[in-house]
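Step one of this worksheet: look at the structure below.
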Amino acid sequence: MRKYRDGIDGGILDDGRIRIIFLGAAFLLAFSVLLGRLYFLQLHHGEEHRKLIARQSERRVRIPGLRGGIYSADGVLLAGNRQSYDLLFFPSEMHQGGRKKTALHMAECAGKLAKILKRNDNPQQEDFARHLVISPGVPMTVFRDLSKADLARVFEFSRAIKGIDIQLSPVRYYPCGTLASHIIGYARKADAATAGDREDFFYYNPDMEGKSGLEKAFDDMPDETPGLRAFPGRSVIQVNNIGYAKKELLGRSAPVHGNNLILTIDSRAQKIAENLLAGYTGAMVVVDASNGEIICAASSPRMDLSRFSPRLEPEYYRQLLNDPEKPLIHRAFQAIYPPGSTMKPIMCLAFLQAGTDPEESIYCPGESTVGNAVIGCSAHRYYGDDMNMITALKKSCNSYMIHHATALGLDKLTPVLKSFGLGKKTGVPIPESSGDFPSGELKMRRYKTRWNQYDTALLSIGQGIISVTPLQMALCTAAIANGGTLWKPVLVRKMVDPRGRTIFEKTPQAAGKLNVSAENLEIVRQGMFQVVNSSGGSGRQGRVEGLQVYGKTGTAETGSKRNIRNITHFVAFVTHNNKTYALAVTVEDGSSGGKTCAPLAAEFFNRFLQP
């Protein structure tokens with residue numbers, strides 16, 4: 001070993017000691033650099049790192065707001081929120097030293113509670129395990145909508161188990177059951193995975209989301225104003241190193257609750273109409289002829305919204321889907337029908353505008369021959385009579401209509417038909433059908449053949465290439481009643497915030513004016529009066545003591561020769577207490593418009609206007 005003389009005390013250093021000294025100096029230098037770096041980071045970046053650490057232990061939580069209610073014009077709650085008692089498990093208090101053990105413990109507790117509560121919808125171990133991975137910082141809902149008897153049983157059980165609690169949470173409910181169910185629609189929990197603000201929150205509590213009807217149409221508003229759906233609030237919670245909640249931090253913001261809808265629907269009128277239609281398949285629509293407000297829009301068969309909330313019952317929904325009567329369809333707005341003879345007042349107005357003399361008499365032979373086809377007359381008891389316009393309307397004579405329609409031709413009839421808005425959607429805010437407007441283009445597109453005289457003949461009696469919704473016919477009847485204004489229908493009168501302040505209010509808006517004169521309207525109204533109030537009228541069963549009802553019956557045939565169905569109609573209007581109401585009622589597979597639908601209209605007017 002080499003030795004060196006120590007220059008200080010004359011001692012001798014071997015090379016091993018020298019290596020140790022150099023190694024110690026190197027460590028001292030490295031440690032000094034590390035300390036300097038840490039000091040620099042603490043001085044210049046300490047706050048940034050403290051915020052980063054804080055963010056890693058903080059979780060943003062979305063707080064859903066309370067959904068707005070839907071009310072009838074007379075103040076009846078049709079869709080609202082009620083408090084549900086829900087049973088929650090808190091993972092932080094039920095922690096057993098690991099996720100697997102904790103999930104097993106929670107599942108065992110849920111199983112015991114399920115037996116006590118006599119329920120079979122309890123989460124399983126894998127459900128708890130999934131929750132502990134995804135959202136360990138928030139409680140898990142185990143059972144929803146507990147009864148008061150359930151609560152007593154839970155409180156007894158919870159004495160021995162930590163981490164169990166009851167929470168009040170709002171759920172959507174429909175206190176009137178089937179009333180106006182197609183109009184109202186339903187709402188349920190939104191899918192968090194597809195939510196636009198999902199990335200803004202670690203723990204996401206979704207809103208109730210409208211799925212059909214007005215619940216869907218007014219779920220959100222186009223501007224920054226809440227619709228039925230609220231604007232969410234938010235809070236920040238602090239979690240420990242494995243994600244369990246420790247405490248709520250400052251910065252909580254409350255949600256902005258949803259706004260309420262006030263409809264034009266009168267709950268009493270709606271209930272009367274729905275009760276009258278019970279047992280039938282069809283629809284009834286009543287509108288205010290002075291402004292287009294929809295007073296009722298009943299459809300039968302109906303659906304029970306109470307079985308859509310708080311959970312959609314799968315068996316009930318399958319039953320609705322498989323029902324051959326298709327109760328999910330809102331027949332008042334969505335079903336299209338050939339109008340039959342309810343089309344005749346509109347056709348007579350088209351005849352008058354084209355120059356037809358209403359006093360001219362046409363002999364009714366009981367049938368009309370058009371080309372190679374023979375069309376029978378519906379006025380069976382009056383074969384051999386001469387018919388002017390008033391008597392043709394009163395007796396619903398097909399021969400009179402076919403004679404004038406084929407003489408004039410489609411082109412001369414079209415301007416008046418268009419002014420009634422046929423073949424167009426009315427603009428009601430929930431799904432509706434447009435129906436079919438008669439034209440050569442439509443026939444060519446659908447059947448690949450040209451329009452001919454036979455098509456015009458069928459059109460004049462409300463069959464062939466023409467279809468309408470009950471809503472359209474109610475609005476057309478209102479236009480005849482009010483002097484020629486075709487209104488856009490109003491279903492939502494206004495929206496108000498939770499304090500009752502008006503957010504918006506719907507003002508009546510005309511869709512157009514009928515292309516007819518006041519004199520010609522009066523002639524047709526006289527005919528409609530005779531339909532109901534004369535001894536030979538086809539709608540005599542629509543008469544109401546104390547009221548002057550104007551109406552028109554209609555019966556149309558649909559289907560193949562082997563499976564012909566009657567679609568029966570009645571349209572009417574009546575003035576009571578200075579307000580005019582227009583009505584359209586349709587019944588599928590009825591006897592006739594006069595025998596099936598006219599009595600329903602009479603009973604509605606009697607119950608609603610003369611209770």
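Tabulated data for the structure shown
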| read-out | value |
| --- | --- |
| Criterion violated by N275 - all others in (1) in a helix (DSSP H, G or I); (2) among the polar types (S, T, N, Q); (3) under 18 Å from Y71 (Cβ atoms) satisfied | (3) |
| Hey, R172 without any contact (Cβ under 8 Å) to a residue 60 or more places away in the chain and closer than 25 Å to L87 by Cβ or not | no |
| Residue check for S535: surrounded by fewer than 16 Cβ atoms within 10 Å (Cβ to Cβ) and within 16 Å of S378 (Cα to Cα) | no |
| Checking E522 against (1) surrounded by fewer than 16 Cβ atoms within 10 Å (Cβ to Cβ); (2) touching a strand residue (DSSP E or B) at 6+ places or on another chain (Cβ under 6 Å); (3) modelled with pLDDT of 95 or more, the condition it does not meet | (2) |
| Among (1) within 18 Å of G427 (Cβ to Cβ); (2) crowded, with 20+ Cβ neighbours inside 10 Å; (3) among the hydroxyl-bearing types (S, T, Y), the one test that T485 misses | (2) |
| Residue list for the stretch 488-504, restricted to those being assigned to a loop (DSSP other than H, G, I, E, B) and buried (at least 18 other Cβ atoms within 10 Å of the Cβ) | P489, L491 |
| Of the criteria (1) of a type in the set (G, A, S); (2) more than 23 Å from H182 (Cα to Cα); (3) in contact (Cβ under 8 Å) with a residue 40 or more places away in the chain, which one G500 fails | (3) |
| Qualifying residues in the stretch 410-432 (those that are closer than 21 Å to P470 by Cα and open to solvent by 30 Å² or more (accessible area, probe 1.4 Å)) - the one farthest from the chain's Cα centre (by Cα) | K418 |
| Residue list for the stretch 127-136, restricted to those being assigned to a helix (DSSP H, G or I) and either under 23 Å from R153 (Cβ atoms) or touching a strand residue (DSSP E or B) at 6+ places or on another chain (Cβ under 8 Å) (or both) | D127, F128, H131 |
| Checking V544 against (1) more than 29 Å from the chain's Cα centre (by Cα); (2) open to solvent by less than 60 Å² (accessible area, probe 1.4 Å); (3) within 25 Å of S460 (Cα to Cα), the condition it does not meet | (3) |
| Residue under evaluation M473, criteria (1) over 29 Å from Y447 (Cβ atoms); (2) touching a Ser or Thr at 6+ places or on another chain (Cβ under 9 Å); (3) open to solvent by less than 70 Å² (accessible area, probe 1.4 Å), criterion not met | (1) |
| L151 exposed (fewer than 15 other Cβ atoms within 10 Å of the Cβ) and either out of contact with any helix residue (DSSP H, G or I) (no Cβ under 8 Å at 6 or more places or on another chain) or under 30 Å from L214 (Cα atoms) (or both) | yes |
| Filter pass, I265 being part of a loop (DSSP other than H, G, I, E, B) and open to solvent by less than 10 Å² (accessible area, probe 1.4 Å) | yes |
| Qualifying residue in the stretch 335-345 (condition: under 23 Å from V428 (Cβ atoms), open to solvent by 40 Å² or more (accessible area, probe 1.4 Å) and in a loop (DSSP other than H, G, I, E, B)) | yes |
| Yes/no for T178 being polar (S, T, N, Q), closer than 26 Å to G210 by Cβ, crowded, with 16+ Cβ neighbours inside 10 Å and at pLDDT 90 or above | yes |
| Strands (runs of 3 or more DSSP E) contained entirely in the stretch 505-611, each with at least 2 residues that are within 26 Å of G279 (Cα to Cα) and touching an Asp or Glu at 6+ places or on another chain (Cβ under 7 Å) | 565-576 |
| Selection count where residues are outside any helix (DSSP H, G or I) and either modelled with pLDDT under 75 or open to solvent by 30 Å² or more (accessible area, probe 1.4 Å) (or both), scope the stretch 196-211 | 10 |
| Which numbered condition T449 misses (of (1) over 25 Å from L521 (Cβ atoms); (2) in a loop (DSSP other than H, G, I, E, B); (3) open to solvent by less than 30 Å² (accessible area, probe 1.4 Å); (4) without any contact (Cβ under 8 Å) to a residue 60 or more places away in the chain) | (3) |
| Number of positions in the stretch 312-334 that are surrounded by fewer than 24 Cβ atoms within 10 Å (Cβ to Cβ), among the aromatic types (F, W, Y) and in contact with a helix residue (DSSP H, G or I) (Cβ under 6 Å, 6 or more places away or on another chain) | 1 |
| Elements of type strands (runs of 3 or more DSSP E) in the stretch 11-126, at least 2 residues being within 30 Å of K162 (Cβ to Cβ) and either at pLDDT 90 or above or open to solvent by less than 90 Å² (accessible area, probe 1.4 Å) (or both) | 58-63, 77-89 |
| Subset of the stretch 455-470 that is in contact with a Ser or Thr (Cβ under 9 Å, 6 or more places away or on another chain) and assigned to a helix (DSSP H, G or I) - its residue that is farthest from K425 (Cα to Cα) | A457 |
| Within the stretch 268-284, tally of residues that are buried (at least 24 other Cβ atoms within 10 Å of the Cβ) and of a type outside the set (A, V, I, L, M) | 2 |
| Test: V416 is assigned to a loop (DSSP other than H, G, I, E, B), closer than 21 Å to L514 by Cβ, of a type in the set (A, V, I, L, M, F, W, C) and in contact with a Leu (Cβ under 6 Å, 6 or more places away or on another chain) | no |
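Here's the yes/no breakdown for (1) open to solvent by less than 40 Å² (accessible area, probe 1.4 Å); (2) of a type outside the set (G, A, S); (3) at pLDDT 90 or above:
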residue	(1), (2), (3)
G213	yes, no, yes
V286	yes, yes, yes
S300	yes, no, yes
S309	yes, no, no
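The values are calculated or read from the model by the stated rules, or taken from the named source; none is laboratory data. None of the values given here were measured: they were computed from a predicted structure. Reconstructed Cβ throughout: ideal geometry from the backbone, glycine too, with neighbour counts over all protein chains shown. Just so you know, the surface numbers come from the protein's heavy atoms only, side chains and all, with ligands and any DNA or RNA stripped out. Shrake-Rupley method; radii C 1.70, N 1.55, O 1.52, S 1.80 Å.
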